[in-house]
Amino acid sequence: MKSRSLFNNANTHTDSYYAASAGSAPTFPKLQDNIDVEVCVVGGGFAGLSVALELAEQGKKVALLEGVKVAWGASGRNGGQIIGGWNIGYDALASQLGSDAAFMFARMAEEAKDIIYDRAERYNIDCDIKRGYFLAAMKRAHLDYIEEHAQTLDKWTYSQMDKPHKHTLVARKDMGEYLQTDRYIGGHYDEGNGHLHPLKFAMGEARAAAALGVKIYEHSKVIRIDRNDRPMVHTAEGSVTADKLVLCGNCYLEDVAPKLKTKIMPAGTYMIATEPLPAHIAQQLVPKDMATCDVRHILDYFRVSADNRLLFGGKTTYTGADPKDIARTMRRDMLKVFPQLAHVKIDYAWGGYIDLAVNRMPHVGELHENILYTQGFSGFGVAPTQIAGRVLAEKVMGNTERYDVWNDINHFTFPGGTLLRKPGFLLGSSYYYIRDFLGR
Ligand SMILES: Cc1cc2nc3c(=O)[nH]c(=O)nc-3n(C[C@H](O)[C@H](O)[C@H](O)COP(=O)(O)OP(=O)(O)OC[C@H]3O[C@@H](n4cnc5c(N)ncnc54)[C@H](O)[C@@H]3O)c2cc1C
């Protein structure tokens with residue numbers, strides 16, 4: 001049975017607040033030739049752009065093929081929350097790989113964010129970057145989790161830094177300084193994390209990569225890979241032969257790389273943007289102008305945009321069918337947090353796919369000799385994709401130290417393969433939903 005393509009015949013960026021506010025997108029040609037390069041990257045999201053940029057900075061001849069437009073996928077539509085860390089805790093990583101590896105991942109989590117802050121500065125990318133992030137608790141059990149999270153940060157991350165970021169546990173009585181809502185009973189504020197306009201950032205990375213000589217092709221979907229000594233990829237009207245191929249296609253690669261498909265499951269997640277709020281109202285809602293997430297399995301996330309809209313995201317679907325009315329569904333959730341916005345108009349509503357991994361840990365690996373890949377960012381990839389790109393570039397350049405450690409993490413196949421992964425996952429998710437409902 002042929003499944004519906006997640007590409008959905010898309011031709012341009014999805015209609016979102018980001019597409020409407022990013023300014024004119026750079027345009028790159030369609031591949032209509034047979035070319036030969038040192039490295040070919042497939043996928044023009046954060047992961048692919050990061051690989052391409054890192055390699056171009058080191059003088060490699062790189063081509064990047066994007067099926068639609070640069071950052072058409074998750075990278076151009078996400079919550080813009082720059083969050084350090086991994087879904088597997090450092091204690092768990094230490095017991096699987098040893099404490100040196102866990103410390104390495106803690107350092108990489110910080111480096112991932114620094115890549116964003118550094119590139120925005122170095123390449124003069126105007127993308128509304130701000131510092132500050134709040135992890136919000138709705139009940140006592142969430143606070144226990146958050147306290148543990150803060151201790152973990154101290155133990156694994158901040159203990160290694162000369163100048164740890166300001167971070168603090170916030171009690172209920174102080175919540176007014178952070179958010180104007182009764183929904184949360186406290187949380188954790190961290191200035192190391194932050195938020196940005198993801199599409200502006202990705203477009204800036206693409207312009208920087210092109211300026212360094214990366215040949216970027218849009219509307220150039222890879223339809224076949226030949227696994228020769230020098231791999232070759234084919235699009236409808238051209239081909240690229242390369243020493244190394246790096247696949248960064250999120251869940252859109254589909255039958256181009258069937259083996260990768262069994263290790264991730266596409267899931268939809270959704271966002272809305274309100275009309276611009278008066279500046280003083282936006283400031284009252286989120287006085288610290290930070291990104292916020294709660295800690296449930298299926299969580300709410302939100303922040304205020306540069307033009308004072310509330311950008312609110314959440315929900316997850318596993319069936320491939322979006323909610324009938326995204327704006328209405330998401331507005332209901334937004335009003336649970338900010339009932340005072342009941343009279344505010346919703347200007348944009350959209351969704352996108354994330355690539356869930358069984359253990360929610362991003363993968364870096366080798367599909368075949370000279371064919372590398374990364375995937376499995378599990379809804380949490382704005383920062384991790386940047387460092388995954390750098391680590392894959394290191395591997396291409398012959399420095400395999402960090403790649404080897406990362407590649408050692410078990411990456412499970414979804415039980416039941418692509419056919420049964422959804423029912424199996426839904427069962428697992430119901431468990432987490434009930435756990436959230438009961439209080440974790
Ligand atoms: C609504 C939403 C909100 C999110 N919010 C956050 C958040 O706030 N913070 C956070 O950390 N993460 C968030 N995420 C997750 C984050 O956006 C992703 O993990 C990250 O952007 C993944 O980047 P990527 O480069 O792997 O994939 P993508 O950005 O999806 O890029 C993959 C690209 O590959 C291209 N491609 C695929 N197959 C082919 C092919 N055969 N040929 C050519 N091109 C191909 C696609 O067209 C696509 O452009 C969110 C995701 C969504 C959808």
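The values are calculated or read from the model by the stated rules, or taken from the named source; none is laboratory data. Bear in mind that the values here come from a model prediction, so they are computed numbers and not experimental data. Reconstructed Cβ throughout: ideal geometry from the backbone, glycine too, with neighbour counts over all protein chains shown. To get the accessible areas, we keep the full protein, side chains included, count just its heavy atoms, and leave off ligands, DNA and RNA. Shrake-Rupley method; radii C 1.70, N 1.55, O 1.52, S 1.80 Å.
Structural remarks
- Of Gly73, Gly89, all but one fail to be touching a residue at least 60 places away in the same chain (Cβ under 8 Å) and either within 12 Å of the ligand (Cβ to nearest atom) or in contact with a strand residue (DSSP E or B) (Cβ under 7 Å, 6 or more places away or on another chain) (or both); the exception is Gly73.
- Residue among Gly43, Gly48 that is among the small types (Gly, Ala, Ser), touching a helix residue (DSSP H, G or I) at 6+ places or on another chain (Cβ under 8 Å) and farther than 14 Å from Val382 by Cα: Gly43
- Residues in the range 321-330 that are outside any loop (DSSP other than H, G, I, E, B) and either more than 12 Å from Phe302 (Cβ to Cβ) or free of Cβ contacts under 8 Å to residues at least 24 places away in the same chain (or both): Ile326, Ala327, Arg328, Thr329.
- Residue count for the range 24-58, restricted to those that are away from the ligand (no atom under 12 Å from the Cβ), touching a Lys or Arg at 6+ places or on another chain (Cβ under 7 Å) and within 23 Å of Gln81 (Cα to Cα): 2
Per-residue answers, yes or no, for (1) among the charged types (D, E, K, R); (2) in contact with a Lys or Arg (Cβ under 6 Å, 6 or more places away or on another chain); (3) in a strand (DSSP E or B):
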position	(1), (2), (3)
Tyr353	no, no, yes
Leu356	no, no, yes
Glu366	yes, no, yes
Thr374	no, no, yes
Ala388	no, no, no
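- Only one of Val391, Val344 that is open to solvent by less than 40 Å² (accessible area, probe 1.4 Å), within 30 Å of Asp100 (Cα to Cα) and at pLDDT 95 or above: Val391
- From the options Asp307, Asp255, Asp289, residue that is touching a helix residue (DSSP H, G or I) at 6+ places or on another chain (Cβ under 9 Å) and free of Cβ contacts under 8 Å to residues at least 24 places away in the same chain: Asp255
- Just one residue in the set Ala267, Ala242, Ala282 is open to solvent by less than 10 Å² (accessible area, probe 1.4 Å) and either under 30 Å from Val62 (Cα atoms) or not aliphatic (A, V, I, L, M) (or both); that residue is Ala242.
- Residue within the range 334-342 that is within 15 Å of the ligand (Cβ to nearest atom) and either in contact with a helix residue (DSSP H, G or I) (Cβ under 6 Å, 6 or more places away or on another chain) or under 30 Å from Arg390 (Cα atoms) (or both) present: no
- Subset tally (residues that are in contact (Cβ under 8 Å) with a residue 40 or more places away in the chain, outside any strand (DSSP E or B), within 14 Å of the ligand (Cβ to nearest atom) and closer than 15 Å to Leu247 by Cα) for the range 216-230: 3
- Condition check for Gly59: open to solvent by 20 Å² or more (accessible area, probe 1.4 Å) and either touching a residue at least 24 places away in the same chain (Cβ under 8 Å) or not aromatic (Phe, Trp, Tyr) (or both): yes
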